[in-house]
Amino acid sequence: MKLSNSILFQQKAYINGHFSDAEGQRTFPVFNPYNGDKLADVADCGVNETRQAIEDAERAFKSWRQLTGTERGQILRKWYELQIENLDDLAKILTLEQGKPLNESRGEIRYGASFVEWFAEEARRVYGDTIPGHQRDKRIIVIKQPIGVVAAITPWNFPNAMITRKVAPALAAGCSVVIKPPKLTPLSALALAVLAEEAGIPAGVFNVIPSSHAAVVGGELTANPIVRKLSFTGSTSTGKILMKQCTDTVKQVSMELGGNAPFIVFDDADIDAAVDGAIASKYRNAGQTCVCANRIFAQEGIYETFILKFTKAVKAQKMGDGMKENVTVGPLIEESAIKFVEEIVEDAIGKGAEILTGGKRFGAEKETLIYEPTVLTNVNPDMQVFSEEIFGPVAPVFKFKTEEEVIELANDTPFGLASYFYGQNHARIWRVAEALEYGIVGINTGMISTTVAPFGGVKESGVGREGSKYGMDDYLEMKYLCWGI
Ligand code: ADP
């Protein structure tokens, strides 16, 4: 791996300020999903390393919490600056282990770093409250304190930003963190650890324990009473397991889980803008984001025009190695991911769907993990493309007649993360925005993620919000002082 700053490439766990081997020097391999090349052999942590990291984090928490918000903010600011200075290298590592196009990786590093910048600033704005007493001789004061040691379990689709979105508010609040990155993409997490150390984040405040035994490490992170909070981003099924595991020690949880985003285009929409939004929302990261448009609904008056323009734009996508600058759609993360997409498309075809473009693996090589950007029509709610999170570059386009009908279809899912719609009528914009049972609504836009807004879902899509002025709340406890005078 050719990097300007080769020290960013680390294969060992980062515990208590040291890069260290796992017990017995156990390792697991990490591969480039584009060509299958082995990139690294990474330390394979188990229960003992996890426990050690938790205990170190507890020790570090005691002094980290004593710093002022401004002091913590200054260190975080330095971490942010180092991420920006090393942007190209961080993006390269990300594309190599994850497959997304370099341009998207650079975008992710900027997005990831923006959380560190934001919470560096927010660190000194953890305000309390005073409440008029209920008796003449009582004064009531509310203070906010860091929750304690935080465990973070993160996914492979955003190997960098899903870490900083949790760690930045946690550290700003005064918590210490133990992160278990995904086994498919641990290298971005370890590169962040290098920069954390350089920025002056004290030993034990930020720990990274890669592992190929997610359930074992997850078991310890959730059972250990020292850990006071679990922040998880991943599938709803794993999130449910982890929430259950957290009950015995009554840990607080933040959960960013799956989605099944509707993307609605009304008859009065700007069709070209809707096509651009649908492309951005659907095909970014080859369809592997939890806010990707999963079900596109086009109203009957514009259905044919939308389909025509959308399919043309989909055909213009460039597939290939994410390391090449003009590529827009890279490989899926692993064989099981592409098999799932194949199954879901087969299910739709078997039930009468029609392929307008795509519908198969790219190119001649059988072993490729690239799935062609695909558009399906003649789809209906009995198909898996309606109910499952596709997590691949496949867009089913449903036809609808009325606003009532499409709201019912859009909400007909246990998920409630992102939703999108396009239209011009102001009264309807309000009605639809209020009727959608989702944590996030994109109105005439397909790009909704930003540091300054609260990201999170309702229903089975999660608990808690990340980013924005609310993002720190997930890492703070409220305490009230009832003061007799
Ligand atoms: P995906 O299907 O996107 O890989 P997962 O929910 O399986 O989503 O993975 C998200 C993160 O959760 C990864 O870091 C993974 O290693 C971790 N994980 C998966 N299963 C468990 C588990 N039983 N306990 C703890 N962590 C887990």
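Checked against (1) assigned to a helix (DSSP H, G or I); (2) of a type in the set (A, V, I, L, M, F, W, C); (3) within 30 Å of Ile109 (Cα to Cα), Ala410 passes all but a single condition, namely (3).
Residues being among the hydrophobic types (A, V, I, L, M, F, W, C), within 30 Å of Gly363 (Cβ to Cβ) and exposed (fewer than 15 other Cβ atoms within 10 Å of the Cβ): count how many of those fall in the stretch 2-36. Don't jump to the end; show me each part of the working.
Applying the first criterion (among the hydrophobic types (A, V, I, L, M, F, W, C)) to the stretch 2-36 yields 3, 7-9, 13, 15, 19, 22, 28, 30-31.
Those still in the list that are within 30 Å of Gly363 (Cβ to Cβ) too: 3, 9, 28, 30-31.
Keeping just the survivors that are exposed (fewer than 15 other Cβ atoms within 10 Å of the Cβ) gives none.
Going through the stretch 2-36 one residue at a time, the tally reaches 0.
For the residues Ile333, Ile355, the requirement of being modelled with pLDDT of 95 or more, over 29 Å from the mean Cα position of the chain (by Cα) and not in a helix (DSSP H, G or I) singles out Ile355.
Considering only residues of the stretch 217-237 that are within 10 Å of the ligand (Cβ to nearest atom) and part of a strand (DSSP E or B), which is farthest from the chain's Cα centre (by Cα)?
In the first step, residues of the stretch 217-237 are kept if they are within 10 Å of the ligand (Cβ to nearest atom); the result is 217-222, 230, 232-237.
From what is left, the residues that are part of a strand (DSSP E or B) are 230, 232-233.
Working: Leu230: 15, Phe232: 9, Thr233: 6 Å.
Looking at residues that are within 10 Å of the ligand (Cβ to nearest atom) and part of a strand (DSSP E or B), I get Leu230.
With the requirement that a residue be among the charged types (D, E, K, R), more than 25 Å from Pro381 (Cβ to Cβ) and surrounded by fewer than 24 Cβ atoms within 10 Å (Cβ to Cβ), what does the stretch 230-266 give you?
Our first condition is that a residue be among the charged types (D, E, K, R); within the stretch 230-266, this holds for 240, 244, 248, 251, 256.
Still in the running and more than 25 Å from Pro381 (Cβ to Cβ): 244, 248, 251, 256.
Matches in the stretch 230-266: Lys244, Asp248, Lys251.
Quick one: is Val208 among the β-branched types (Val, Ile, Thr), crowded, with 24+ Cβ neighbours inside 10 Å, within 16 Å of the ligand (Cβ to nearest atom) and within 21 Å of Val253 (Cα to Cα)? Considered against the rule, which asks whether it is among the β-branched types (Val, Ile, Thr), crowded, with 24+ Cβ neighbours inside 10 Å, within 16 Å of the ligand (Cβ to nearest atom) and within 21 Å of Val253 (Cα to Cα), Val208 comes out as yes.
Arg136 passes every criterion in (1) away from the ligand (no atom under 16 Å from the Cβ); (2) out of contact with any Cys (no Cβ under 7 Å at 6 or more places or on another chain); (3) more than 22 Å from Ala120 (Cβ to Cβ); (4) assigned to a strand (DSSP E or B) apart from (4).
Taking Leu376, is it surrounded by 22 or more Cβ atoms within 10 Å (Cβ to Cβ), away from the ligand (no atom under 16 Å from the Cβ) and within 20 Å of Ser281 (Cβ to Cβ)? Give the steps one after another, and end with the answer.
Working: surrounded by 22 or more Cβ atoms within 10 Å (Cβ to Cβ): yes; away from the ligand (no atom under 16 Å from the Cβ): yes; within 20 Å of Ser281 (Cβ to Cβ): yes.
Taking the combined requirement at face value, the residue satisfies it.
Can you find a residue in the stretch 465-478 that is modelled with pLDDT of 95 or more, in a strand (DSSP E or B), away from the ligand (no atom under 16 Å from the Cβ) and surrounded by fewer than 17 Cβ atoms within 10 Å (Cβ to Cβ)? If you could, list the steps in order and put the result at the bottom.
Taking the stretch 465-478 and keeping what is modelled with pLDDT of 95 or more, we get 465-478.
Within this subset, residues satisfying the condition of being in a strand (DSSP E or B) are 466, 476-478.
The next check asks that each one be away from the ligand (no atom under 16 Å from the Cβ); those that pass are 476-478.
Next, only the ones that are surrounded by fewer than 17 Cβ atoms within 10 Å (Cβ to Cβ) stay: 477-478.
Yes, that holds for at least one residue.
Given the structure, is Ala170 away from the ligand (no atom under 16 Å from the Cβ), aliphatic (A, V, I, L, M) and more than 20 Å from Ile7 (Cβ to Cβ)?
yes
In the stretch 87-143, what count of residues is obtained for those that are more than 27 Å from Tyr470 (Cα to Cα), surrounded by 15 or more Cβ atoms within 10 Å (Cβ to Cβ) and basic (Lys, Arg)? Total meeting the criteria: 2. The condition (being out of contact with any strand residue (DSSP E or B) (no Cβ under 8 Å at 6 or more places or on another chain), β-branched (Val, Ile, Thr) and under 21 Å from Leu195 (Cα atoms)) is satisfied by just one residue among Ile84, Ile15, Ile54: Ile84.
Over 23 Å from Gly107 (Cα atoms) and more than 8 Å from the ligand (Cβ to nearest atom): does that describe Arg165?
Working: over 23 Å from Gly107 (Cα atoms): no; more than 8 Å from the ligand (Cβ to nearest atom): yes.
Here the answer is no, as Arg165 does not meet what is asked.
Does the stretch 29-48 include one or more residues that are part of a loop (DSSP other than H, G, I, E, B) and hydroxyl-bearing (Ser, Thr, Tyr)? Write out each step before concluding.
Of the stretch 29-48, the ones part of a loop (DSSP other than H, G, I, E, B) are 32-37, 44-46.
Those left that are additionally hydroxyl-bearing (Ser, Thr, Tyr): 34.
Checked the stretch 29-48: at least one residue is part of a loop (DSSP other than H, G, I, E, B) and hydroxyl-bearing (Ser, Thr, Tyr).
Of Lys240, Lys282, all but one fail to be under 21 Å from the mean Cα position of the chain (by Cα) and within 16 Å of the ligand (Cβ to nearest atom); the exception is Lys240. Look at (1) more than 10 Å from the ligand (Cβ to nearest atom); (2) surrounded by fewer than 23 Cβ atoms within 10 Å (Cβ to Cβ); (3) touching a residue at least 12 places away in the same chain (Cβ under 8 Å) and you find that His213 fails only one, number (1).
Looking at the stretch 418-429 only, could you name the residues that are surrounded by 14 or more Cβ atoms within 10 Å (Cβ to Cβ) and not in a strand (DSSP E or B)? The answer is Gly423, Asn425, Arg428, Ile429. Every listed requirement among (1) more than 30 Å from Lys92 (Cα to Cα); (2) in a loop (DSSP other than H, G, I, E, B) is met by Ile296 save one, (2).
Residues being on the phi < 0 side of the Ramachandran plot, at pLDDT 95 or above and near the ligand (Cβ under 9 Å from one of its atoms) are represented in the stretch 252-271 by at least one member. Taking the listed residues Ala91, Ala113, Ala123, the one that is over 29 Å from Ala214 (Cβ atoms), assigned to a helix (DSSP H, G or I) and modelled with pLDDT of 95 or more is Ala123, with no other qualifying. Applying the criterion of being in contact with a strand residue (DSSP E or B) (Cβ under 9 Å, 6 or more places away or on another chain) and aliphatic (A, V, I, L, M) to the residues of the stretch 194-205, the residue that is farthest from the ligand (Cβ to nearest atom) is Ala203.
Tell me the residue from Val432, Val452 that is assigned to a loop (DSSP other than H, G, I, E, B) and modelled with pLDDT of 95 or more, please. So that I can check it myself, show each step before the final result.
On the way: Val432 fails: assigned to a loop (DSSP other than H, G, I, E, B).
When all the criteria are applied, what remains is Val452.
Among the residues of the stretch 329-359, the ones that are farther than 16 Å from Ala395 by Cα, in contact with an Asp or Glu (Cβ under 9 Å, 6 or more places away or on another chain) and either surrounded by 16 or more Cβ atoms within 10 Å (Cβ to Cβ) or of a type in the set (Val, Ile, Thr) (or both) come to 2 in all.
The values are calculated or read from the model by the stated rules, or taken from the named source; none is laboratory data. Computed from a predicted model, the values in this text were never measured in an experiment. With ideal geometry, Cβ positions are generated from the backbone for all residues, glycine too; neighbour counts draw on all protein chains shown.
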